[in-house]
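One structure below.
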Amino acid sequence: MTEVTRGTEERAAVTAPRGAKWRHIGPGIVVAATGVGAGDLVATLVAGSKFGHTLMWAAVVGCIVKISLAEAVGRWHLATGRTLFDGWRSLGRWTTVYFAVYVVVWGFVYGATAMSSSALPLVALFPDVLPLKGWAVVSGVVGLVFVWFNRYTVFEKVMTVLIGVMFVVVVYVAVRVGPDVGASFSGLVPVLPDGSLLYTLGIVGGVGGTITMAAYGYWVNAKGWTDAGWMKVMRLDNRVAYLTTGVFVVAMLVVGAELLHSANIALAEGDRGLLDLDTVLEERFGAVTAKLFLVGFFATSFSSLIGVWHGVSLMFADFVDRLRRERTGTAGAGDAVAGPVGTSAAEVAEGRRESSPAFRAYLLWLTFPPIALLFLDKPFGLVIAYGVLGAFFMPFLALTLVWLLNSSRTPAEWRNGILSNAMLAAAGLLFLVLCVQQVRELPW
């Protein structure tokens with residue numbers, strides 16, 4: 001046994017939990033709250049409104065796909081002591097070029113999108129206080145201040161509260177509309193009605209599937225999980241996250257099927273479709289249910305905002321630190337495992353990324369430049385670049401994980417088995433199909 005292996009096992013023995021593992025759950029809650037945004041809820045509602053309960057099975061398959069992907073991300077961080085970007089960098093410089101362009105363009109456009117999404121329910125709740133753009137700026141700045149002055153522990157607690165609100169509201173609305181239990185269970189039988197293929201792929205691959213899945217490993221490390229001794233806890237945490245996501249998806253499909261499909265009601269495109277649902281709920285169940293739904297809408301949108309503000313900023317900080325180390329040839333703690341210029345999971349756990357200039361610089365990038373997009377139509381070229389880069393990210397994540405977790409970069413004990421390879425390959429193929437479709441639908 002090598003000294004490195006022995007040291008890793010000793011750290012695992014000390015840090016791994018000995019008692020109940022449920023109290024350690026946290027990063028999964030964060031990734032679930034961040035990954036399910038208002039746009040995901042609208043897409044699921046529309047699928048329910050068009051096809052009723054028929055696509056319920058797709059929600060189940062989607063959960064399995066996301067559990068496999070997130071487990072692979074967490075396994076890489078814990079098994080190797082290296083961050084995901086460090087793994088990407090070991091595959092070649094092309095990954096750096098892609099990520100650098102992606103994180104800049106995506107962050108610029110997403111910042112405006114997240115702020116607008118958070119503002120929509122606030123305008124509906126408080127119509128005489130500020131206009132949409134005013135609430136959007138307030139949402140972005142509040143998110144910036146919160147993430148800037150708090151570390152992961154506080155961030156996780158707030159995200160837990162927000163996902164609790166989301167969960168209660170979405171499930172309450174689903175129960176309130178009176179679901180047809182028999183029809184819901186019949187939707188677990190895989191069928192594809194005419195014209196449903198793209199909606200099905202969207203449910204399987206879209207809900208909860210963004211760059212935040214890559215951020216999961218960083219949140220795992222920020223929680224203090226830095227070695228393979230936490231593997232079982234991480235897997236439990238991950239399953240809880242995507243089972244929660246599955247409940248959201250099923251609940252919104254039920255709402256779409258029972259409230260919209262039967263009445264042949266169409267929703268507006270984008271996040272504004274949730275305001276249409278608010279109107280329908282008020283007419284059907286009264287103002288209290290409608291207002292409660294708007295609170296859940298805000299929790300959904302704002303949790304995604306601060307989740308991205310924190311998680312993607314962590315990734316950007318790691319990206320910058322990795323490039324700095326390559327230029328200087330320096331190494332840090334844990335590099336006996338990570339390699340001569342590797343970045344260690346321990347450094348994320350110590351909070352060094354959250355206080356770094358790069359972390360805060362990306363926070364500013366997500367907040368202030370996108371405000372200009374709130375007052376202007378998005379430039380045509382930027383829309384195209386954002387769409388293409390965004391479409392390619394999930395195939396990039398799935399296929400690079402297959403590469404990393406089948407290579408000598410991962411300790412033999414934690415490399416992919418047949419099931420993991422099959423799930424990641426299926427996910428990669430699914431996301432490639434969605435990628436092609438998204439690119440075809442861009443306004444070329």
Can you name the number of the only condition in (1) part of a helix (DSSP H, G or I); (2) at pLDDT below 90; (3) touching a Gly at 6+ places or on another chain (Cβ under 9 Å) that Gly342 fails?
(1)
Given (1) crowded, with 20+ Cβ neighbours inside 10 Å; (2) more than 30 Å from Phe155 (Cα to Cα); (3) at pLDDT 95 or above, Val402 misses just (1)
Of all residues in region 387-423, which are farther than 22 Å from Tyr110 by Cβ, in contact (Cβ under 8 Å) with a residue 40 or more places away in the chain and aliphatic (A, V, I, L, M)?
Leu401, Leu404, Leu405, Met423
Long-range neighbours under 6 Å by Cβ, at least six apart or interchain, first residue under 26 Å from Leu188 (Cβ atoms) and of a type in the set (Gly, Ala, Ser) within region 228-256, second surrounded by fewer than 19 Cβ atoms within 10 Å (Cβ to Cβ) and modelled with pLDDT of 85 or more:
Ala251/Val171
Got a sec? Which of Arg82, Arg93 is over 27 Å from Gly202 (Cβ atoms) and buried (at least 21 other Cβ atoms within 10 Å of the Cβ)?
Arg82
What helices (runs of 4 or more DSSP H), lying completely within region 172-261, carry at least 1 residues that are closer than 30 Å to Arg352 by Cα and touching a His at 6+ places or on another chain (Cβ under 7 Å)?
212-222, 231-255
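The values are calculated or read from the model by the stated rules, or taken from the named source; none is laboratory data. What you see is a predicted model; the values in this text were computed from it and never measured. Every residue, glycine as well, gets a Cβ built from its backbone with ideal geometry; the counts of neighbours run over all protein chains shown.
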